[in-house]
Amino acid sequence: MKRRTSLRWFVTTIVLTVGLVLVIGYSKLAGYYLISGMDNIIASQMEQTALKYFQTGNEGDREILRRLSDTNITGHWQEQPAAILEAFGIEALQPGRLYKALKKSGWSSPPETVSFVMLFQQGENRLFVSRQLSRAMLTELVRRNVRESRSTLMMISLGSALAIGLVVWLTLGRVSKPVRALSQWTRTLDAETLDQSPPDFHYPELNDMASLIRTSLSSVQQVLKREHDFLRHASHELRTPIGVVRNNVELIDKLRSLPGEALSPAEQNAFERIKRAGATMQHLTETLLWLSRDGIPDSLPLTELDLDKLLAELVEENAYLLQGKNINLRVETAPCLRTLPEQPVRIVLGNLIRNAFQHTWEGEIAILQTDDEITIINSQTDTTDPADNHGFGMGLRLTRELTGKLGWPYVDEWRDGLRRAVVSVIPPQQQVIDRTS
């Protein structure tokens, strides 16, 4: 799994990296200009020496000038000292430009010697002026000035880096605090707090975001409430007409058993369809009523259920869905008494059995029960309806939501024409033990 980087650390890293690059860059630039300034001073001294050399016609005075300035002045390049010739080789020098060569024992060590040379031209006269400096030639005053300059540069660089870090830390702290407050406020939003105005997060952008979040969640909350109310009211109101239909169906069923009240085959088929439709509507309405509740009550009415007998009853109730189909039904159960809420168990198992019967046209259906685990396997040899390849229908979707609320393990799989649904109707006492263990 890819590790996600915190926005705060990302911004901190970017700003600190930019700050450090600027500090290092300006430190290097300061060092460059320091060396460049020293080179300019030496170039100016060499140029002044060459001018005095031209102005002095006496050879003795010129020699004194060379010694006092510690400068090599010759009219030809080959007359320069061997160390200068070795340092620069055969150079095509341009007039008025300072050339410098460093001699180091290693790439990271300070230079042992620094050689300078420049070509000074006045009219037709040309002079090659060179100078060589070494660490041994540096006086204590120069050494101390160099150390002080280096220390000052290091202190300024370090101070700048610390100042950037401090500014970044204070800025991010000031920005991240209201952002964290916005995040915490968002987590606390519910149906009650949505009606309250959002707090002030100090920044207009965050306040606008808080208002947008509140508005969006309020709209979603209103839509969900309308859907919830509609589902609850519709399911509740449907129970009365469905109950009337079921009662009248039962009445007709009793009346047709009287002498002379038999129904014709067409009437009998219509009567059976009405009876099955009434049972389906009642079952679906009960399921929707359960799902429309805000939560499953902590204390449901518990009944001692014999799961194998309950499965046999549900199979018999839905057997009409297998009429006219070439299906091999296999039911394997074992005696199992469990203290469970009867209505949710009937809804979940009835949904699974009904959908398996309804959406299987040919093949085998196996209903297997071991203790409180029920497995329903639907094997189809002819899947003519592509929609059936993705599940048993709405019943499975409702079952998944209801088992989630009840805390019952539920798995349904589809592979190569085989549907396998497994549900464990765990008693509430066992759920408490599993959560605490």
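Brief remarks on what is shown
- I64 being at pLDDT below 80, open to solvent by 90 Å² or more (accessible area, probe 1.4 Å) and either acidic (D, E) or in a loop (DSSP other than H, G, I, E, B) (or both): no
- Count of residues meeting criterion [part of a helix (DSSP H, G or I) and of a type in the set (F, W, Y)] in the stretch 161-205: 2
- Filtered residues of the stretch 149-203 (kept if touching a Ser or Thr at 6+ places or on another chain (Cβ under 7 Å) and under 30 Å from Q222 (Cα atoms)): L194, P198
- The set of residues in the stretch 334-367 being under 23 Å from L418 (Cβ atoms), open to solvent by 60 Å² or more (accessible area, probe 1.4 Å) and of a type in the set (S, T, N, Q) consists of Q358 alone.
- Annotation note: of D208, D229, the sole residue that is out of contact with any helix residue (DSSP H, G or I) (no Cβ under 7 Å at 6 or more places or on another chain), open to solvent by 80 Å² or more (accessible area, probe 1.4 Å) and in a helix (DSSP H, G or I) is D208.
- Which listed residue is modelled with pLDDT of 60 or more, over 14 Å from H359 (Cβ atoms) and open to solvent by less than 60 Å² (accessible area, probe 1.4 Å), from L406, L396: L406
- Test: L238 is surrounded by 11 or more Cβ atoms within 10 Å (Cβ to Cβ), in contact with a helix residue (DSSP H, G or I) (Cβ under 8 Å, 6 or more places away or on another chain) and closer than 30 Å to T285 by Cβ: yes
- Taken over the stretch 165-205, the criterion of being closer than 22 Å to W9 by Cα, open to solvent by 50 Å² or more (accessible area, probe 1.4 Å) and of a type in the set (A, V, I, L, M, F, W, C) is satisfied by L166, V167, W169, L170, V175, V179.
- Every residue from the stretch 316-340 that is of a type outside the set (D, E, K, R) and closer than 24 Å to L302 by Cβ: T333, A334, P335, C336, L337, T339, L340
- Candidate set: the stretch 293-317, residues that are in contact with a helix residue (DSSP H, G or I) (Cβ under 6 Å, 6 or more places away or on another chain) and at pLDDT below 85; chosen: the one surrounded by the most Cβ atoms within 10 Å (Cβ to Cβ): I296
- Residue within the stretch 125-143 that is more than 21 Å from G31 (Cβ to Cβ), free of Cβ contacts under 8 Å to residues at least 24 places away in the same chain and within 32 Å of the chain's Cα centre (by Cα) present: no
- Of residues in the stretch 76-94 being surrounded by 11 or more Cβ atoms within 10 Å (Cβ to Cβ) and not in a loop (DSSP other than H, G, I, E, B), the one farthest from the chain's Cα centre (by Cα): E79
- L102 being within 25 Å of I35 (Cβ to Cβ), open to solvent by less than 80 Å² (accessible area, probe 1.4 Å) and at pLDDT below 85: no
- Criterion: surrounded by fewer than 13 Cβ atoms within 10 Å (Cβ to Cβ) and at pLDDT 80 or above - qualifying residue of L127, L162, L119, L141: L162
- Check on D195, among the charged types (D, E, K, R) and under 24 Å from the mean Cα position of the chain (by Cα): no
- Among the candidates V249, V244, the residue that is touching a residue at least 12 places away in the same chain (Cβ under 8 Å) and either open to solvent by less than 60 Å² (accessible area, probe 1.4 Å) or under 30 Å from N269 (Cβ atoms) (or both) is uniquely V249.
The values are calculated or read from the model by the stated rules, or taken from the named source; none is laboratory data. All figures in this text were calculated on a predicted structure; none of them were measured in a lab. All Cβ positions, even for glycine, are placed from backbone atoms using ideal geometry, and neighbour counts span all protein chains on display. What goes into the accessible areas is simple: the full protein's heavy atoms, side chains included, and nothing from ligands, DNA or RNA. Shrake-Rupley method; radii C 1.70, N 1.55, O 1.52, S 1.80 Å.
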